[in-house]
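Following: one structure in structure tokens, then a few remarks.
Nothing in this text is a laboratory measurement; each read-out follows from the coordinates by a stated rule. Values in this document were obtained by computation on a predicted structure and should not be read as measured data. Glycine also receives a Cβ, built like all others from the backbone with ideal geometry; neighbour counts cover every protein chain displayed.
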Amino acid sequence: MVPKVFLLTVLLSLVSLLCIAQGTAGSSFNVMILPVSDMIPDTLFESLGTRTAQFHYFKLNDDRTHSTTLIIKGWLFAPDESMHEKIDKVFVSGDNYDLRYDVKLERDGAYFRLEPHLFVLPPDVSEMSLFGLQLVLSEEEIVMDFEVIVPGRMPRRFTEGLDIFRIDEDDLLQERRFVAGESALIGIFGGERPTGGYSLRVDSIVRAGDEIRVSAILNAPSRDAFVTQAFTYPAIVIDLPLDIERGDYRIVLDLATVRDGELISRTAHSSEISVSDHQE
């Protein structure tokens with residue numbers, strides 16, 4: 001949750017200018033740039049950079065349906081102190097546009113610093129760069145193939161969520177380390193339910209960068225359905241080929257519970273896996 005003091009700071013900074021940045025194709029886009037307080041805790045920022053330049057950013061929203069909003073700041077090592085200030089550029093790219101705007105850097109000893117600025121950008125922005133450092137804001141989504149399987153033995157889980165397995169004869173064994181090209185078995189669990197009549201299905205699996213997103217639906221029985229009056233544990237297992245590059249991946253499950261076409265609840269769960277070139 002964003003601190004209330006910070007939100008107040010942003011509101012007070014609305015006296016700043018609404019800037020218009022020119023795209024390389026000749027189009028113009030409205031982009032809001034607001035200087036904000038330097039009292040924002042450093043722990044809220046993520047960073048990337050080198051020994052001579054740092055780019056710090058704090059995403060306020062990134063749902064891809066509204067304006068993308070984030071705060072950026074940074075520093076550039078510049079031991080020649082004859083210059084007291086410097087104009088640099090921030091570049092923003094998205095679908096069919098490339099934007100650029102000037103930002104003023106202030107001298108601070110052997111460094112030039114960009115004080116925190118709030119950027120309100122188009123929702124389809126893909127990347128942003130400062131000091132030659134590139135921040136990727138959205139990755140291309142790649143649809144992944146999968147297959148529902150029926151293992152010899154299905155583990156029981158009392159809470160909603162997911163687990164990652166490999167199969168050993170008829171048993172599912174929890175696993176986090178895989179070799180590129182082999183399959184991970186993803187178990188999706190609907191938790192303990194008071195009756196029968198529940199069923200799970202996976203709608204899609206897409207990969208964006210190092211995140212694998214699983215969209216699943218837990219269908220609850222109709223209120224007037226005749227169902228078994230006993231506790232049940234709906235679950236499904238999918239075989240997901242890992243035809244991906246080596247690295248660490250986060251698997252995120254979006255589980256929607258639906259009854260008679262009406263959304264009852266939506267929960268998110270995640271797990272981590274590591275993919276290598278060969279078995280270690």
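Could you list 33, 149 so that the one with the fewest beta carbons within 10 Å of its beta carbon is first and the one with the most is last?
Going from least to most buried by this count: 149, 33.
If we count other beta carbons within 10 Å of each Cβ, what is the order of 40, 186, fewest first? Present the calculation step by step, with values, prior to reporting the outcome.
Numbers: 40 20, 186 24.
Least to most surrounded, the residues fall as 40, 186.
At most 15 other Cβ atoms within 10 Å and a DSSP loop assignment: could you name the trypsin sites (Lys or Arg not before Pro) in segment 143-172 that fit?
When the trypsin sites (Lys or Arg not before Pro) of segment 143-172 are filtered for loop state and at most 15 Cβ neighbours within 10 Å, 153, 156 remain.
Scattering from the C-alpha atoms of segment 198-280 alone, worked out with Debye: what is log10 I(q)/I(0) at q = 0.24, 0.26 1/Å?
-1.21, -1.33
In what sequence do 56, 269 fall when counting other Cβ within 10 Å, fewest first?
269, 56
Taking residue 59 as the anchor, which aspartates and glutamates have their alpha carbon closer than 12 Å to its alpha carbon, excluding any fewer than eight residues away along the same chain?
Filter leaves 46.
If each Cα of segment 142-276 is one equal point scatterer, what is log10 of I(q)/I(0) from the Debye formula at q = 0.17, 0.18, 0.19 Å⁻¹?
Log10 of I(q)/I(0), two decimals: -0.90, -0.99, -1.08.
Once every DSSP H run of n ≥ 4 in the chain is given -39500 (n - 2.57) and the sum is divided by its residues, what mean residue ellipticity at 222 nm do you get, rounded to the nearest 500 deg cm²/dmol?
The per-residue figure over the chain is -1000 deg cm²/dmol.
Wrap a convex hull around the Cα atoms of the chain, take a quarter of its surface area, and give that in square nanometres.
Answer in nm², one decimal: 20.4.
Build a GNM of the chain with springs between Cα atoms under 10 Å: which of 67, 82, 37 gets the top mean-square fluctuation?
Top of the fluctuation ranking is 82.
Non-local amide H neighbours of residue 270 (under 5 Å, H modeled in plane, Pro and chain starts lacking H): which ones?
Here the answer is 253, since their amide H atoms fall under 5 Å of that of residue 270.
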